[in-house]
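Asker: The following block contains the structure, expressed as structure tokens.
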Amino acid sequence: MQIMLDFLAHLSQEKNLSFLTVKAYTSDIKHFVDFLDKEKRQIEEMDYPLLRKYLKTLLDEGKEHSTIARKTSSLRCFFQFLDRKNLIKNFPYQAMRGPKIKRKIPSFLEEEEAEKLLDRMQGEGFSFQRDKAIVELLYATGMRLAELVNLNAGDVDFDAELVRVKGKRGKERLIPVGSFALCALKEYLKWREERISRLSFEVGALFLNKSGKRLSDRAVRERLRMYIEKVGIEKHVSPHTLRHSFATHLINRGADLRSVQELLGHESVSTTQIYTHIAPSYLKKVYIKSHPRAT
């Protein structure tokens with residue numbers, strides 16, 4: 001379907017959205033187009049009864065409210081694109097609203113668990129040194145998985161102890177990197193240099209697979225899962241868990257929300273606010289420090 005391809009090109013080229021975000025849009029829009037095909041309807045015929053039927057289909061399929069809300073947001077963006085192309089008329093897509101969702105408190109590692117993971121990771125050779133650097137960097141910076149796999153070697157400034165990250169919508173930010181992560185990165189780069197010296201093509205990516213190509217997000221998830229099992233942490237841990245842990249531990253130790261917001265690359269401090277719900281000691285510190293009759 002050409003209009004769908006045009007829309008996805010618009011997202012990646014004009015809106016500069018990440019590969020994973022465009023991939024999510026692709027899945028959402030394809031699901032909707034498949035629904036239209038089953039209904040023998042065209043996009044130009046879009047109206048509210050048809051939209052309600054689609055949303056009911058999602059509920060009947062057992063989709064979570066968060067999934068339906070995301071798909072509604074994707075469709076709203078798609079309809080806006082179609083409107084600009086004059087492919088739909090008199091359909092008030094701006095009024096589309098997904099179901100209200102209750103924000104879940106994110107899971108995170110306790111500080112002792114994070115130390116257990118980082119201190120007990122064992123292995124040798126190129127793959128282990130790369131994995132060690134990845135886990136240290138994820139926990140040290142709180143960057144997203146997509147941001148990590150898109151890093152290039154030149155994005156790390158060892159002198160300034162900073163890493164340049166390209167976040168959502170192409171926005172760049174500089175994140176401080178601690179000594180443990182820098183040490184792990186330096187060790188990995190020795191192995192990386194030896195690996196790329198045997199390749200017949202130029203390499204820009206920081207984290208490489210065995211073939212010398214950019215490491216995939218799926219590979220990072222799988223490798224992290226392997227180390228979690230090996231060190232004996234009995235909870236589900238993803239790269240995003242390390243991001244949550246980074247933010248929670250900062251706030252627990254007194255970091256202000258605005259600073260954490262900047263480090264995480266959140267557009268709104270309200271998104272960062274959720275970490276106060278999983279860091280009660282932070283609220284207690286604020287109360288004792290701020291209230292005139294707290295002590």
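The values are calculated or read from the model by the stated rules, or taken from the named source; none is laboratory data. In this text the structure is predicted, and so the values were computed from the model without any measurement. A quick note on method: Cβ atoms are made from the backbone with ideal geometry, for glycine too, and the neighbour counts reach across all protein chains shown.
Asker: What is the residue count in the range 156-177 for residues that are part of a loop (DSSP other than H, G, I, E, B) and either in the same structural domain as residue 21 (by TED's automatic domain parsing) or modelled with pLDDT of 95 or more (or both)?
Answerer: Looking only at that region, the number is 5.
Asker: What pairs can you find where one residue is in the range 169-183 and under 30 Å from residue 13 (Cβ atoms), the other is of a type in the set (Gly, Ala, Ser), and their Cβ atoms are less than 8 Å apart, with a gap of 6+ or different chains?
Answerer: Every condition considered, the pairs that remain are 171/265; 173/167; 173/265; 175/142.
Okay, residues lined up against (1) farther than 30 Å from residue 151 by Cα; (2) modelled with pLDDT of 80 or more; (3) surrounded by 12 or more Cβ atoms within 10 Å (Cβ to Cβ):
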| residue | (1), (2), (3) |
| --- | --- |
| 5 | no, yes, no |
| 10 | no, yes, yes |
| 42 | yes, yes, no |
| 74 | no, yes, yes |
| 79 | yes, yes, yes |
| 82 | yes, yes, yes |
| 96 | yes, no, yes |
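Asker: Return a yes/no flag: does the range 53-60 have any residue that is part of a helix (DSSP H, G or I) and β-branched (Val, Ile, Thr).
Answerer: Yes.
Asker: Scan the range 192-206 and give yes if some residue there is loosely packed, with under 14 Cβ neighbours inside 10 Å, part of a helix (DSSP H, G or I) and at pLDDT 90 or above, otherwise no.
Answerer: Going residue by residue through the range 192-206, those that are loosely packed, with under 14 Cβ neighbours inside 10 Å are 193-194, 197-202, 204.
Subsequent filtering for residues that are part of a helix (DSSP H, G or I) retains 193-194.
So of that shortlist, the ones also at pLDDT 90 or above come out as 193-194.
Looking for residues that are loosely packed, with under 14 Cβ neighbours inside 10 Å, part of a helix (DSSP H, G or I) and at pLDDT 90 or above, one finds at least one in the range 192-206, hence yes.
Asker: Part of a helix (DSSP H, G or I) and either closer than 18 Å to residue 181 by Cβ or not basic (Lys, Arg) (or both) - does that describe any residue in the range 208-219?
Answerer: First, the residues of the range 208-219 that are part of a helix (DSSP H, G or I): 217-219.
With either closer than 18 Å to residue 181 by Cβ or not basic (Lys, Arg) (or both) added as a condition, the list becomes 217, 219.
Within the range 208-219, one or more residues are part of a helix (DSSP H, G or I) and either closer than 18 Å to residue 181 by Cβ or not basic (Lys, Arg) (or both).
Asker: Determine whether residue 179 is farther than 18 Å from residue 137 by Cα and hydroxyl-bearing (Ser, Thr, Tyr).
Answerer: no
Asker: So, one more: For the range 234-286, name all the residues that are at pLDDT 85 or above, under 18 Å from residue 112 (Cβ atoms) and in a helix (DSSP H, G or I).
Answerer: 241, 242, 244, 245, 246, 247, 248, 249, 250, 251, 252
Asker: OK, next. Please enumerate the residues belonging to the range 120-146 that are buried (at least 16 other Cβ atoms within 10 Å of the Cβ) and either part of a loop (DSSP other than H, G, I, E, B) or free of Cβ contacts under 8 Å to residues at least 24 places away in the same chain (or both).
Answerer: 121, 128, 142, 143, 144
Asker: Tell me, which residue of the range 217-239 that is of a type in the set (D, E, K, R) and surrounded by 12 or more Cβ atoms within 10 Å (Cβ to Cβ) is farthest from residue 124 (Cα to Cα)?
Answerer: The qualifying residue farthest from residue 124 (Cα to Cα) is 217.
Asker: Provide a single number: the residues in the range 84-94 that are assigned to a helix (DSSP H, G or I) and at pLDDT 80 or above.
Answerer: Number of matching residues: 1.
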